1. How big is the shadow of the Cα convex hull of the stretch 48-88, averaged over all directions, in nm²?
2. What's the longest uninterrupted piece of the chain once you rule out the trypsin sites (Lys or Arg not before Pro) that are loop residues per DSSP with at most 14 other Cβ within 10 Å?
3. Output the direction-averaged projected area (hull surface divided by four) of the convex hull of the alpha-carbon atoms of the stretch 82-189, in nm².
4. Explain nothing, just compute: Karplus ³J(HN,Hα) = 6.51 cos²θ - 1.76 cosθ + 1.60, θ = phi - 60°, for every residue of the stretch 134-143 in order, whole Hz, x for Gly and Pro.
5. Multiply the residue separation of residue 106 and residue 22 by 0.36 nm, subtract the distance between their alpha-carbon atoms, and state the gained length in nm to one decimal.
6. To the nearest 0.05, what FRET efficiency results for residue 49 and residue 78 with a Förster distance of 41 Å applied to their C-beta separation?
7. Run down the lysines and flag those whose C-alpha is under 19 Å from the C-alpha of residue 52, throwing out any fewer than 8 positions away in its chain.
8. Please identify, among 24, 51, 85, the residue showing maximal mean-square fluctuation in a Gaussian network model of the chain using a 10 angstrom Cα cutoff.
Amino acid sequence: MTWYLGITTTRHIAPHPGAEKERGEFAVERQLHHLGIEAHAPRKIEFKRVGKKRRPDPITSPYLPGYIFAQIPAELYATAIQCNGLRPTMLTIPEQEVRRHVLRFIDRVTQENAEAERIIANNDRAAMCQFDAGQALEVLAGPFQERAVRFIRMFQSAHDMHPMIEAEADLFGRAVKVKVDPLDVKGAA
């Protein structure tokens, strides 16, 4: 069997009329799996706040937009290239490059996704936070407006309606812990 790098559409495709649409790479991957072909459209799961939400949500996107890896047997090649969203011309990947790069990349992505799935399953809000400990943040509003603070952690007290950011600010020559609303900060440049 030969490994191929296929070019896909990035448009959203409905598997059948009336069904929910999915991104092109993922739709092609699903179609190839249905044919019994090993296919990988590597996904990355990131935790991001969208709009005015105070909590980050898991966002799934492709690592390689518009591309898919597939190990296609010769007898299924003609059927495989007819998948909706897949361009009929594909690049053959030499076996040594598959072992050296492609399989390692797929394994690394699988490990990252397993960790993200563990965070989601445990509802680990601290791990979902989009900031890293010690990262500089700029306060956009509130009593510490236009001050730089260092992120410590996300927390939610029993009396809080939503999670807050605990940060460290330099006030009067000493480091002081402060509470800031997640909507009032952004990463410092």
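1. Across all orientations, the stretch 48-88 yields a mean hull projection of 4.4 nm².
2. Of all site-free stretches, the longest is 54-189.
3. 12.4
4. Those phi angles translate into x, 5, 6, 10, 9, 7, 8, 8, x, x Hz.
5. Length gained between residue 106 and residue 22: 28.1 nm.
6. In this case the efficiency is close to 0.35.
7. Straight-line reach from residue 52, under 19 Å: 179, 186.
8. Result: 51 has the largest fluctuation of those listed.
The values are calculated or read from the model by the stated rules, or taken from the named source; none is laboratory data. A quick note: this is a predicted structure, and the numbers were derived from the prediction, not measured. Don't worry about glycine lacking a Cβ; one is built from the backbone with ideal geometry, like all the others, and counts go over all protein chains shown. Surface areas here come from the heavy atoms of the whole protein model, side chains and all, with no ligands, DNA or RNA. Shrake-Rupley method; radii C 1.70, N 1.55, O 1.52, S 1.80 Å.
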